[in-house]
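**Student:** Before I ask anything, here is the structure I am working with.
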Amino acid sequence: QPLGSNPSGAWTRIGPHEPQSGTLAALMSLCAVVEVALHFESFRNIDLFHQGLYHLKARICWEGPDSPGIAAKPCGQLSGSNISLEADTGARTSERTDHHNLIPAHIIDDQCTYSTRSFLIRYCEEEVELNEIGQFRLEVPLEKLADDAPLILEVDLMFADLTRHGGADSFGENPDVDSTEFKCVSTCRFRVKSLHTGVHEFCPVVFDEYHFCLTNLMLHSVLLDHRFRLRHLDSALLAPGMGGEGGGGSLGSKAAAEDEGAKVGKSGKGADSLALRKLSSGGSLARLPSLSGNSITMAPSAMSIVESLFCSADVLEDREQMLQSAEVFYTKHLDPLVASHSQLSNWFSQICKECITEAQREILVGASGIPTLPLPVLTMSPSARADSVSTASTAPPQAAMSALAARAGPFRARLEARLGPSQATSRGVATQLVADLNVASCRILETWHMLLALLLHSPREVALHLRESWETRVSRRWSTSVVKETVRPDVGKCGKTDSCAVHPTLAETVRKAVSSADTEAAEAFFVQDLGMIPPVTLRPLIFEERYSGGGAATVSVSKSAAPKASKKEAASPRKASRGMPVERDDRSPAAPKQYHGVHLLVLVHGFQGNSFDMRLMRNNLALLYPDSMFLSSTCNEDNTEGDINDMGIRLAQEVVNYICDWCPGSALGRLSFVAHSLGGLIVRAALPLLHEYSNKMFTFVSFSTSHLGIFGDKISLFNTGFWMLKKWRNSMFLQQVSMTDHDNPRETFLYKLAKLRGFELFQNVILTSCCEDQYGPMQSARAEIHPDWEGVADKEVYREMVDNLWGPVRPERVRRLDINFVILEKNLDSFIGRTAHIQFLECQPMMKMLVHNWSALFR
């Protein structure tokens, strides 16, 4: 409750002055002024469908359907200067049109939005260096600030179609920006909280899959000031405890109140103008409406800080109570500003230390360094100040003042010494409070603008610094949906429990159990992307199985067939052979890579597919690994029903040609493959032809690939349809994958393929499977011996295939990931297992879990 009031709203007496309504102080509101800086560092086109003119538009709103709408208004914009490396050719370069700066950044006041500059996008992987800051300012009443009501940051992708201008190339030659019309094609929403505590977050903006692009955005906030504002009269009249029984009045009286309130609102435009005007005049009080029963009468109103704090502009007889009020004010309003300056200074120092050089620091910060906060009156010990803050925030007003009185003697002595005997009055104390608020606010503002200048000078370094923390928190959030099972020594044999039977039931139990942990992980984000991570109940669950190299032989392989490890490898079983460094699993994607050259990832589609099938996987990899190169194979798009060996030859030739064109000589650092379904067999068929790059091969990932073929022993709707399709189409691939291309199983293509060099070439082998996917049977996708094979006629053939596959492979390099998808729709596709098979291509949450939680595989 405000000073001088009680919950019932009755008259109360503070000192000998005239009685005053307990709710009149509510007309005066102390608002926290928070500034938010949205730093748009860069924009990168990953897979936009249309060429054209783009820009980004941002706004900050209150969350919820009943929210008052816009929360912050744009108050300024900053842009980093582009320094030309050719100073002597400035006259010529100035005449060239900058296609990445066709329309400058601007603020739309009536929409309360900030828009970046408009840029022309014509090429895949085109990157635009923006380095622009949009500044927003919001004023939040202290009571709402304490509730920490979340805000929503909305970022729109604005697009202008240039078809009627002759296309992007024609527009680039003769840009006519005045006739372009923009429309919003996609929106990304973030939930933002605790802005007043000083937030510095990296929040990449990724739009929907039809507008796949990335904007590196950083959000910075600071508590700048506390300002007195006159509340809107309507809200004051409707505040609890303001009136009599009905809380209202006649229509004529309300109209008069609105007129009077408008006059008062125009006269008070800020803390300084409102407070200093009354402090200097010191005489008459304005009159505002107060409620009495059902009619509106006039009563004295608090129109200055003095009257708001002490309910009188005259000297109080109760001097002790006046100083207690000043102590409460300092604790409640000035301490947060001191903490804001301290937090901002510490973060500034951290950025100076980690993101810029010593020479840059001298230029940007100067010899004087970060501005200090000279407030002599705020010299209480940190423990006493912390106790004061805690007491004032948790105890009732009278109890808080009593507690403060016991320890605030030195504070009051310093305050009186600073004021002098003649100025130790209510007006003198209020003047000192305003002065200290101004000093703190000015120092914060000075430091804040120094920080913004630093951000514009080193945008990429600051982005990388913040990105590492963001990646760690994202990985921790996704890890709540990963179940790490017991490490086993035998990579070729199924465990004691049947994964296909246990995992679906266990998945539901795990989702319920990790809901609280997922909520805690989400609380670590001050800026949370609402579209990135779905609820845990709709999120796929991954069961990870790993294997140790210290146990028995992987399968029943003879000792002569297994490769012998060198002494150095035996001493360090985790170290990769061929001299390639081992990646730690806990390193973030933004961490520096430990090898030279570029990482080429080859993505291979499956049966009757095309390169577009792997688009989403490629895009999600490109988000975190912009320095990698991606080859989406197209050589077998029209030939997936032919011989797998021929498909492998075409893939090998495509990879060799790509490397010769884009990664010649020593430019290739690593070579990895990501394959879906049949694509995994095509990659294995191509590996013997890529032996010259065997020392570069790093990761092999297969999504539901039938490494052991498709078993036809069980009667099911899928097997019946597969048998009919094989007879009708007479497809060589279908015969090979079902191991019916030869009467002798040991002469079939898959059996021979298992004997060729394959998995042992890679540092990481990842086999993913799903028990609901019948297109890629789980035991075949996992390439392991299952107990159910005891009654199968060709059991020994399958056992020999498993032995040949895993015999030369070191177990610690192998991971099996069993994916449990949440499939809500029940139809024929889900019944025959096609839905689960397609989920490997369409489920972005699964892809994000892979690239964030197993980042070492793709770095």
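The values are calculated or read from the model by the stated rules, or taken from the named source; none is laboratory data. Just so it is clear, the structure is predicted and the values come from calculations on it, not from any experiment. Glycine also receives a Cβ, built like all others from the backbone with ideal geometry; neighbour counts cover every protein chain displayed. The protein model used for the area step is the full one, side chains on, heavy atoms only, and it has no ligands, DNA or RNA in it. Shrake-Rupley method; radii C 1.70, N 1.55, O 1.52, S 1.80 Å.
**Student:** What's the total number of residues in segment 420-476 that are part of a helix (DSSP H, G or I) and farther than 18 Å from residue 591 by Cα?
**Tutor:** Counting residues in segment 420-476 that are part of a helix (DSSP H, G or I) and farther than 18 Å from residue 591 by Cα gives 35.
**Student:** On the given criteria, is residue 684 in contact (Cβ under 8 Å) with a residue 40 or more places away in the chain, part of a strand (DSSP E or B) and basic (Lys, Arg)?
**Tutor:** Here the answer is no, as residue 684 does not meet what is asked.
**Student:** Here's another thing I want to ask about it. Scan segment 149-169 for residues that are of a type outside the set (A, V, I, L, M, F, W, C) and in a helix (DSSP H, G or I) and report the count. Give the derivation first.
**Tutor:** Here is the first cut: in segment 149-169, the residues of a type outside the set (A, V, I, L, M, F, W, C) are 150, 154, 156, 161, 163-167, 169.
Among the residues that remain, those that are also in a helix (DSSP H, G or I) are: 163-165, 169.
Total meeting the criteria: 4.
**Student:** Next question. Please identify the pairs in which a residue from segment 829-851 that is under 13 Å from residue 479 (Cα atoms) and modelled with pLDDT of 90 or more has its Cβ atom under 6 Å from the Cβ atom of a residue that is open to solvent by less than 30 Å² (accessible area, probe 1.4 Å) and basic (Lys, Arg), counting only partners at least 6 apart or on another chain.
**Tutor:** Taking only residues 6 or more apart or on different chains, the pairs are 845/539.
**Student:** So residue 775 fits all but one of (1) more than 21 Å from residue 497 (Cα to Cα); (2) under 44 Å from the mean Cα position of the chain (by Cα); (3) assigned to a helix (DSSP H, G or I); what number is the exception?
**Tutor:** Condition not satisfied by residue 775: (3).
**Student:** To continue, here is another question. Only one of 142, 138 is buried (at least 19 other Cβ atoms within 10 Å of the Cβ) and touching a residue at least 40 places away in the same chain (Cβ under 8 Å). Can you tell me which?
**Tutor:** Values: 142 fails: buried (at least 19 other Cβ atoms within 10 Å of the Cβ).
Of the residues listed, the single one that is buried (at least 19 other Cβ atoms within 10 Å of the Cβ) and touching a residue at least 40 places away in the same chain (Cβ under 8 Å) is 138.
**Student:** Out of 445, 506, report the one residue that is closer than 23 Å to residue 36 by Cβ and more than 25 Å from the chain's Cα centre (by Cα).
**Tutor:** Testing whether each residue is closer than 23 Å to residue 36 by Cβ and more than 25 Å from the chain's Cα centre (by Cα) leaves just 445.
**Student:** OK, next. Have a look at 359, 326, 339 and point out the one that is at pLDDT 55 or above, open to solvent by less than 40 Å² (accessible area, probe 1.4 Å), assigned to a helix (DSSP H, G or I) and of a type in the set (Gly, Ala, Ser). Reasoning before the result, please.
**Tutor:** Details: 359 fails: open to solvent by less than 40 Å² (accessible area, probe 1.4 Å); 339 fails: open to solvent by less than 40 Å² (accessible area, probe 1.4 Å).
Of 359, 326, 339, the one residue that is at pLDDT 55 or above, open to solvent by less than 40 Å² (accessible area, probe 1.4 Å), assigned to a helix (DSSP H, G or I) and of a type in the set (Gly, Ala, Ser) is 326.
**Student:** For segment 513-548, which positions are without any contact (Cβ under 8 Å) to a residue 60 or more places away in the chain, open to solvent by 20 Å² or more (accessible area, probe 1.4 Å) and either in a helix (DSSP H, G or I) or among the aromatic types (Phe, Trp, Tyr) (or both)? If you could, list the steps in order and put the result at the bottom.
**Tutor:** If we filter segment 513-548 for residues that are without any contact (Cβ under 8 Å) to a residue 60 or more places away in the chain, which is where we start, we get 513-524, 535-536.
Okay, now just the ones that are also open to solvent by 20 Å² or more (accessible area, probe 1.4 Å), so 513-517, 519-520, 523-524, 535.
Passing the criteria: 513, 515, 516, 517, 519, 520, 523.
**Student:** Look at residue 565 and say whether it is within 19 Å of residue 761 (Cα to Cα) and at pLDDT below 95.
**Tutor:** Working: within 19 Å of residue 761 (Cα to Cα): yes; at pLDDT below 95: yes.
Spelling it out, residue 565 is indeed within 19 Å of residue 761 (Cα to Cα) and at pLDDT below 95.
**Student:** Answer with yes or no whether residue 125 is in a loop (DSSP other than H, G, I, E, B) and open to solvent by 30 Å² or more (accessible area, probe 1.4 Å).
**Tutor:** Working: in a loop (DSSP other than H, G, I, E, B): yes; open to solvent by 30 Å² or more (accessible area, probe 1.4 Å): yes.
It is true that residue 125 is in a loop (DSSP other than H, G, I, E, B) and open to solvent by 30 Å² or more (accessible area, probe 1.4 Å).
**Student:** I need the helices (runs of 4 or more DSSP H) fully contained in segment 803-856, keeping only those with at least 1 residues that are aliphatic (A, V, I, L, M) and within 22 Å of residue 708 (Cβ to Cβ).
**Tutor:** Values: elements: 828-832, 834-842, 844-853.
Where helices (runs of 4 or more DSSP H) fall fully within segment 803-856 and carry at least 1 residues being aliphatic (A, V, I, L, M) and within 22 Å of residue 708 (Cβ to Cβ), they are 828-832, 834-842.
**Student:** Could you check residue 105 against (1) buried (at least 16 other Cβ atoms within 10 Å of the Cβ); (2) more than 30 Å from residue 33 (Cβ to Cβ) and say which number it fails?
**Tutor:** (2)
**Student:** Name the pairs whose Cβ atoms lie under 7 Å apart, with the first residue in segment 484-502 and within 21 Å of residue 809 (Cα to Cα) and part of a loop (DSSP other than H, G, I, E, B), the second open to solvent by less than 60 Å² (accessible area, probe 1.4 Å) and of a type in the set (Lys, Arg), and 6 or more positions between them or separate chains?
**Tutor:** Here the result reads 487/546; 495/488, each pair linking segment 484-502 to a residue that is open to solvent by less than 60 Å² (accessible area, probe 1.4 Å) and of a type in the set (Lys, Arg).
**Student:** Only one of these is at pLDDT below 95 and in contact with a His (Cβ under 7 Å, 6 or more places away or on another chain): 30, 85, 102, 24. Name it.
**Tutor:** 30
**Student:** Still on this model: Of (1) touching a Pro at 6+ places or on another chain (Cβ under 8 Å); (2) more than 24 Å from residue 44 (Cα to Cα), residue 214 satisfies all except one. Which?
**Tutor:** Condition (2) is where residue 214 drops out.
**Student:** From the list 666, 702, 672, which residue is modelled with pLDDT under 95 and either open to solvent by 10 Å² or more (accessible area, probe 1.4 Å) or part of a strand (DSSP E or B) (or both)?
**Tutor:** Every option except 666 fails the conditions.
**Student:** Something else: Residues of segment 759-783 being open to solvent by less than 10 Å² (accessible area, probe 1.4 Å) and over 30 Å from residue 822 (Cα atoms), which ones?
**Tutor:** Answer for segment 759-783, where residues must be open to solvent by less than 10 Å² (accessible area, probe 1.4 Å) and over 30 Å from residue 822 (Cα atoms): 759, 761, 762.
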